[in-house]
């Protein structure tokens with residue numbers, strides 16, 4: 001390059017393309033994070049409710065990881081076939097969110113029904129018996145608890 005040669009022309013199109021690609025990648029990353037941020041807790045909840053639907057209360061109780069004050073009899077009184085929430089024949093995970101003030105827990109809202117399959121809104125008689133239950137899952141050890 002000599003003094004008489006003009007400087008290399010930097011294309012403005014390449015800068016615009018670079019900024020556009022970076023913006024698209026950032027938006028995609030945020031969208032994926034938002035979509036999958038509660039994925040492990042949702043899978044744990046699905047595993048728990050599949051065990052309850054199958055009637056395997058012993059495995060469901062182990063997955064719950066209950067404290068010493070929540071015995072198997074208490075668990076069966078809540079989730080068993082004649083329990084407060086039972087019989088659970090079908091379920092649908094409605095929403096997962098992080099409760100206010102909590103840094104380690106995830107609230108999972110689940111619709112549970114004594115009918116299989118889950119009744120739709122076109123069947124008001126069966127859908128009236130559907131209950132919405134909130135359970136909290138600790139993100140660190142995947143243990144369950146009821147909301148305070």
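Between 0 and 90 degrees, the angle of helix 12-36 with respect to the longest Cα principal axis of the chain falls at about 10 degrees.
Distance between the modelled labels on residue 84 and residue 5, one decimal in nanometres: 8.2 nm (7 Å Cα→Cβ projection). Using R₀ = 41 Å, calculate the FRET efficiency as 1/(1 + (r/R₀)^6) where r is the Cβ-Cβ separation of residue 22 and residue 73; round to 0.05. E(calc), rounded to 0.05, equals 0.10. On C-alpha positions alone, give me the angle between the axis of helix 39-54 and the longest principal axis of the chain, in degrees, nearest 10. On a 0 to 90 degree scale, this one is about 20. The peptide list 33-40, 76-83, put in order of mean Cβ contacts within 10 Å with the highest first, becomes 76-83, 33-40. For segment 74-148, relative contact order (Cα pairs under 8 Å, six or more residues apart, normalised by length) works out to 24 percent.
Label points 7 Å out from Cα along the Cβ direction at residue 65 and residue 93: separation in nm? Each label point is offset 7 Å from its Cα along the Cβ direction, giving 1.6 nm. Cβ-Cβ distance of residue 129 and residue 30, R₀ of 41 Å, FRET efficiency by 1/(1 + (r/R0)^6): the value works out to about 0.55. Treating each Cα of the chain as one equal point scatterer and applying the Debye formula with no solvent, the log10 of I(q)/I(0) at q = 0.14, 0.18 Å⁻¹ comes out as -0.76, -1.07. Based on DSSP H segments of at least four residues, each scored -39500 (n - 2.57), the chain has a per-residue ellipticity at 222 nm of -13000 deg cm²/dmol.
Any read-out appearing in this document is the output of simple, stated calculations on the displayed coordinates, not a laboratory observation. No experiment lies behind these values; they were computed from the predicted model shown. Methodologically, a virtual Cβ is constructed for each residue, glycine included, from the backbone with ideal geometry; neighbour enumeration extends over all protein chains shown.
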